[in-house]
Amino acid sequence: MTRVTADIHPGGKNTPGAHAAYRSMMTSAHITPMRLLHAEWIGLFSLRFNGITFLIGGMLALVFVLLACLDWASDGAKPPFTDAATQGFPFAQYAVVIVSVALFSREHASGSLRTQFTAAPRRVSILMAKAIALFVTTFILGFVVAAFSLVVSALMYTQGGRNVDLDAPQIISLLAGLGILLGLTSVLSLGIT
């Protein structure tokens, strides 16, 4: 134990005021919803597995958008380019489900859930922090993947000589809708776990 922790920790040296300093330090460390959310952000991004899984899901979604555009171009079919942009989205959903389930099951397997419940005994607050962290992360992921998918499908359609209607409200609603879809998928997966 270092000198600083020995002075404040009750199990260390019994210096005058050590217990009072330890007590004041512990009472100032209240568990707030923002601290729980911050802890969940750290837990979500501390594993490389989560980032790699998100990246693979996003890349697979873009690959299948490209394949759908090429397939429809060879068939002569003319669906809207927004339909092509959503063809690879199930792969992004698979990645989100894997990360959501792994987030909660990892804590059961490692025993860190016990520590969380010691710090914050109310299960609802921990689940809400997990749900908010997952929803925000996967909403951003869905928005970005949908934006890249729209760009890829619009480029493929314009190279094929097709007219691309870039109606702003439709595009924004599609981007937000796919982000919300991925966010709700992650929260549902977390709830099922």
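When residues of the stretch 65-105 are filtered for being of a type outside the set (D, E, K, R) and over 30 Å from Leu190 (Cβ atoms), how many remain?
Residues meeting the conditions: 13.
Can you tell me how many residues within the stretch 117-134 are assigned to a helix (DSSP H, G or I) and either free of Cβ contacts under 8 Å to residues at least 24 places away in the same chain or over 15 Å from Met34 (Cα atoms) (or both)?
Residues that pass the stated criteria total 4.
Determine whether the stretch 45-55 contains at least one residue that is aliphatic (A, V, I, L, M), assigned to a helix (DSSP H, G or I), over 15 Å from Thr137 (Cβ atoms) and out of contact with any Gly (no Cβ under 9 Å at 6 or more places or on another chain).
Taking every residue of the stretch 45-55 in turn, none turns out to be aliphatic (A, V, I, L, M), assigned to a helix (DSSP H, G or I), over 15 Å from Thr137 (Cβ atoms) and out of contact with any Gly (no Cβ under 9 Å at 6 or more places or on another chain).
Restricting attention to the stretch 102-126, which residues are under 15 Å from Ile192 (Cβ atoms) and open to solvent by less than 60 Å² (accessible area, probe 1.4 Å)?
Matches in the stretch 102-126: Ala102, Leu103, Phe104, Ser105.
Sort through Ser28, Ser46 and tell me the only one that's within 25 Å of Met128 (Cα to Cα), open to solvent by 70 Å² or more (accessible area, probe 1.4 Å) and at pLDDT below 60.
Ser28
Which residues, counting only those in the stretch 169-185, are of a type in the set (Ser, Thr, Tyr) and either open to solvent by less than 30 Å² (accessible area, probe 1.4 Å) or in contact (Cβ under 8 Å) with a residue 12 or more places away in the chain (or both)?
Thr185
Mind listing just one residue for me: the one in the stretch 149-168 that is in contact (Cβ under 8 Å) with a residue 12 or more places away in the chain and not small (Gly, Ala, Ser) and, of those, nearest to Phe89 (Cα to Cα)?
By that ranking, first place goes to Leu150.
Would you pick out the residues in the stretch 49-77 that are of a type in the set (Gly, Ala, Ser) and surrounded by 12 or more Cβ atoms within 10 Å (Cβ to Cβ)?
Gly51, Gly57, Gly58, Ala61, Ala68, Ala73, listed by residue number.
Out of Leu155, Leu166, which single residue is over 17 Å from the mean Cα position of the chain (by Cα) and outside any helix (DSSP H, G or I)?
When all the criteria are applied, what remains is Leu166.
The values are calculated or read from the model by the stated rules, or taken from the named source; none is laboratory data. From a predicted model like this one, the values you see are computed outputs, not experimental measurements. Please note: Cβ atoms are built from the backbone with ideal geometry, for glycine as well, and neighbour counts cover all protein chains shown. Calculation scope for accessible area: heavy atoms of the full protein, side chains included, ligands and nucleic acids excluded. Shrake-Rupley method; radii C 1.70, N 1.55, O 1.52, S 1.80 Å.
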